[in-house]
Amino acid sequence: EEELPDGLDESCSQEEDEDSDSDASSVAGVPSSGSVALVSRNCMAQPVEDQERVLKPALVCSLFPNVPPTIYFSTRDERVEKLPWEQRKLLRWKMCTVTPNIVKQTIGRSHFRVSKKSNDWLGCWGHHMKSPSFRAIREHQKLNHFPGSFQIGRKDRLWRNLLKMQARCGKKEFNFFPQSFILPQDIKLLRKAWEEGASRQKWIVKPPASARGIGIQVIHKWSQLPKRRPLLVQRYLHKPYLIGGKKFDLRIYVYVTCYDPLRVYLFKDGLVRFASCKYSSSMKSLSNKFMHLTNYSVNKKNAEYKSNSDETACQGHKWALKALWSYLTQKGVNSEAIWEKIKDIVIKTIIASEPYVNSLVKMYVRRPYCCHELFGFDIMLDENLKPWILEVNISPSLHSNSPLDVSIKGQMIRDLLNLAGFVLPNTDSVASRPQTRSGSTSSLGSALKEKPKPASEHFLAEKMKKAYYLTQKIPDQDFYSSILDILTPDDVRILVETEDEYSRRGQFERVFPTHISMRYLRFFEQPRYFNILVTQWELKYYLNKHEGLELLKNWCVKGYHTEAGTDLAQ
């Protein structure tokens, strides 16, 4: 994560006059070249070249009638029209010490300004928080984390949860992570595995909550085991796939917009990070971090490290993911098959966090709209090109210190913010005092505002329909497909939200739900009605999107929209 200049929050402190039309308090100037510019204290003016950039509307219309538009975020070669002042004054962003420059630049192009108050902001890219703190996020605000996402973001929790999934669903489905032990709890199990293993086995030890390669070492003797606890000890993947004699890992960007229904996207590009020394399986080389670790923050300290400024080139110690797929395809490798396996790993890993996140969202979050999260999955390929998950980062680095980083991360953040679907709130909801609420789920009815109070017969019908599809003992496809026969207002709201979101995906690929997602429903600890709904919708209409969209528009026109419509606006 990036550190920002001191006093960032004090920059741009001049409040605009209510009817002023100046943009003096913009969050960030747009860099005129590929380089990344920091936010200056006096807030840079738009470069002259902006006049030649393509002008884009400030708002993206919904596919459906009566659904409000979302805020548009542009690329560097576009400029965004200014909204009238009454709307533009609502474009406020809460700054944190970890808000990356690439985020600041993207929101700056859409005329966001730094929020000086605690409750008038629409978006924030900040630290993860303790779950109860999510109560403070208001209905019109979005934070880039879910409560409980550390259940896969901490190394020890990730392995615990994957082991739990393996025990429940079988090794065949969950065989994509190395054998792992968490000390001190698993010390006896580790000793047993150590003694049963070969004499030349290697283990990698990691602090459970560190990043950037800090505290990681490869060992082969019991006496080398660090005394500090807690500690994660994993069987070392000692036969990695090598390119130019060097090992590498993949940074895959995974974006989750919602956990109920679950909606997961993968960015089609990413980073390939190489160790800066040629790999050797010799025990004498185990202390060489430039050989065994692929972290950029470790390898950049090696005098031999070579940067790469060309996103299409297979050179240096950092490549674009698309460049790797081209390289492997030229070698006769089926890179598409590797990508499919990575998608499978991502979906199953996110599902491992699902019960925790959903229960905490229901307890502490006013509306599902308030949370979204970008994860950085680290994947390694072994000599047989099988992908293995190494770890998941809940605050993946968005530091962009090369044209390669700017190109990939800049496009990714721009597409992510469009996918997030930021909606302009009405002025009243921003001005009103935040509601107080207890942590109990009973208060959610008023706080979530997920839709206006429905007529009792509709509410009862929805409740009965959900119970019917969740309590069937041995459901089959015929049974599940009937979920689409009659859509409730709730169903229409979720399907409209899902289709609208999909239309804004940019270079993200949605991996859940898809037409093959039914196979994953058995991995959920408990079935979710909306997951059944959206997967059946995809299965029925993935070959004919137009028909599905027209059907949804008709449901809206029938009058369900008048009941679900207010919340579609939110």
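Observations on the model:
- All conditions in (1) surrounded by 19 or more Cβ atoms within 10 Å (Cβ to Cβ); (2) in contact with a Lys or Arg (Cβ under 7 Å, 6 or more places away or on another chain); (3) without any contact (Cβ under 8 Å) to a residue 40 or more places away in the chain hold for residue 77, with the sole exception of (1).
Every residue, every condition in (1) open to solvent by 60 Å² or more (accessible area, probe 1.4 Å); (2) over 23 Å from residue 356 (Cα atoms); (3) not charged (D, E, K, R), yes or no:
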site: 515; (1), (2), (3): yes, yes, yes
site: 519; (1), (2), (3): yes, no, no
site: 523; (1), (2), (3): no, no, yes
site: 530; (1), (2), (3): no, no, yes
site: 533; (1), (2), (3): no, no, yes
site: 536; (1), (2), (3): no, yes, yes
site: 546; (1), (2), (3): yes, yes, yes
site: 552; (1), (2), (3): no, yes, yes
site: 556; (1), (2), (3): no, yes, yes
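- Sub-7 Å Cβ pairs linking a first residue in the range 235-250 that is within 18 Å of residue 198 (Cα to Cα) to a second residue that is in a strand (DSSP E or B), at least 6 apart or interchain, are 235/203; 236/203; 236/204; 236/218; 237/380; 237/382; 237/388; 239/382, ordered by first then second residue.
- Beta carbons closer than 8 Å, at least 6 apart along the sequence or on distinct chains, pair a first residue in the range 318-335 that is open to solvent by 20 Å² or more (accessible area, probe 1.4 Å) with a second that is modelled with pLDDT of 95 or more and part of a loop (DSSP other than H, G, I, E, B) for 322/268; 322/269; 333/385.
- Residues of the range 455-507 that turn out to be without any contact (Cβ under 8 Å) to a residue 12 or more places away in the chain and charged (D, E, K, R), as a count: 6
The values are calculated or read from the model by the stated rules, or taken from the named source; none is laboratory data. This is a predicted model, so every value here is computed, not measured. No Cβ is skipped: glycine too gets one built from the backbone with ideal geometry, and neighbour counts run over all protein chains shown. Quick note on the areas: whole protein, heavy atoms, side chains included, nothing else; ligands and nucleic acids left out. Shrake-Rupley method; radii C 1.70, N 1.55, O 1.52, S 1.80 Å.
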